[in-house]
Amino acid sequence: MKAAIVEAAGKAPVYGDFEEPKANAGENIVSVTAAALTHLTKGRASGSHYSSAGTYPFIAGVDGVGRLEDGKRVYFVLPRTPFGGMAEKSVVSAKQCVPIPDKLDDVMASALANPGMSSWAAFVERAKLKAGETVLINGATGISGRLAIQIAKHLGAKKVIATGRNVDALHSLAAIGADVTIPLIEDEEALESGFKEQFAEGVDVVLDYLWGKSAERLLIAGARAGKDAVPIRFVQIGSMSGTDITLPAAVLRSSAIELMGSGIGSVSPDRLIKAIGEVFAAAIPARFTVATQVISLSEVERAWKTDDSRKRIVFSLA
């Protein structure tokens, strides 16, 4: 069968032939129709992500959309190694398949699943977001952040504050639910001042997709503006701005900040899969949307190097 094959760490997948999978007990064979290119897929392929298996060759792709042998349309996640989502067929535990609502097409389901699961699990499983609370999304101009704004509003957030480095993209976020936008400028004191103003008015949950300097400023501002030991639930999801920060000890001693992560390992697999099903169920009535670019899987080598933070590349195998 045709597949996107990762032959060694640090190399882009090549389009070629790979053996077809055979199902063991409790597994499903999926005929794949669509598979999205995500940061998680790239990280695992390169060997840099903490969940990487580190064995080669294997088929790229942590998830996808397709049809079971009985014709049922499903989203699937974490296929059995060495099989991945970017192939004509994949094999996955039956427990890791999620039915797709009829009105949600294959491409949009594939594009929504990973970023939707990320923010839904962060809000519901980790932060326990309540209707009427205020949310700050650090790094909201990318695909995941833009969807997180939509999900926050759907879950009942009263106010959504969005940060980002791309000022033009930041301005567009009001149309999808952002009430306040803060550009991530180079002047750290001015940036912290902007954060403190929002924390003074009250912030209940922070979703952080960036880490790095902006996360440092957020944590310090939150500690300095905190009052009456009202907890700020800070949920760390991504590290687009750096893998490390410098965190003064007093930030945690002098505030009620609850610092936690959300992702594979901090949320159980069954709860992550449940989150995907809930995103799918909400997608049509809430009008969730992700900008997409559909490309044939045969173009994987060229498309792999593309880094468009505002459009999700979805490989088509239909």
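Data for the structure
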item: Exclusive hit being loosely packed, with under 14 Cβ neighbours inside 10 Å, closer than 26 Å to I176 by Cα, at pLDDT below 95 and β-branched (V, I, T), set T246, T306; result: T306
item: Whichever residue in region 88-97 is surrounded by fewer than 23 Cβ atoms within 10 Å (Cβ to Cβ) and of a type in the set (A, V, I, L, M) and, among such residues, is farthest from K128 (Cα to Cα); result: V91
item: Some residue of region 4-23 being modelled with pLDDT of 95 or more and closer than 24 Å to M240 by Cα; result: no
item: Residues that are at pLDDT below 95, among the acidic types (D, E) and either crowded, with 23+ Cβ neighbours inside 10 Å or not in a helix (DSSP H, G or I) (or both), drawn from region 205-239; result: D228
item: Residue that is surrounded by the fewest Cβ atoms within 10 Å (Cβ to Cβ) [pool: residues in region 265-286 that are touching a residue at least 60 places away in the same chain (Cβ under 8 Å) and charged (D, E, K, R)]; result: D270
item: Test: residue in region 163-175 that is of a type in the set (G, A, S), under 18 Å from the mean Cα position of the chain (by Cα) and not in a helix (DSSP H, G or I); result: yes
item: Pair list, Cβ < 6 Å and 6+ apart or interchain, from region 93-104 residues that are touching a residue at least 60 places away in the same chain (Cβ under 8 Å) to residues that are of a type in the set (S, T, N, Q) and assigned to a strand (DSSP E or B); result: A94/N28; C97/N28
item: Members of region 250-260 that are at pLDDT 90 or above and more than 12 Å from A215 (Cβ to Cβ); result: E258, M260
item: Qualifying position, being under 30 Å from G66 (Cα atoms), surrounded by 23 or more Cβ atoms within 10 Å (Cβ to Cβ), β-branched (V, I, T) and in contact (Cβ under 8 Å) with a residue 12 or more places away in the chain, among I176, I137, I161, I151; result: I151
item: Boolean, S298 is hydroxyl-bearing (S, T, Y), over 15 Å from the mean Cα position of the chain (by Cα) and closer than 17 Å to V62 by Cα; result: no
item: Single residue of region 61-70 satisfying the filter (surrounded by 20 or more Cβ atoms within 10 Å (Cβ to Cβ) and among the hydrophobic types (A, V, I, L, M, F, W, C)) that is modelled with the highest pLDDT; result: V65
item: Search result, residues across region 193-204 that are in a helix (DSSP H, G or I) and of a type in the set (A, V, I, L, M, F, W, C); result: F195, F199, A200
item: Any hit, region 71-78, residues being assigned by TED's automatic domain parsing to the domain that holds K11, in contact (Cβ under 8 Å) with a residue 60 or more places away in the chain, crowded, with 18+ Cβ neighbours inside 10 Å and aromatic (F, W, Y); result: yes
item: Residue in region 188-197 that is among the aromatic types (F, W, Y), buried (at least 23 other Cβ atoms within 10 Å of the Cβ) and either within 17 Å of the chain's Cα centre (by Cα) or at positive phi (or both) present; result: no
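The values are calculated or read from the model by the stated rules, or taken from the named source; none is laboratory data. Being a predicted model, the structure only gives us computed values, none of them experimental. Please note: Cβ atoms are built from the backbone with ideal geometry, for glycine as well, and neighbour counts cover all protein chains shown.
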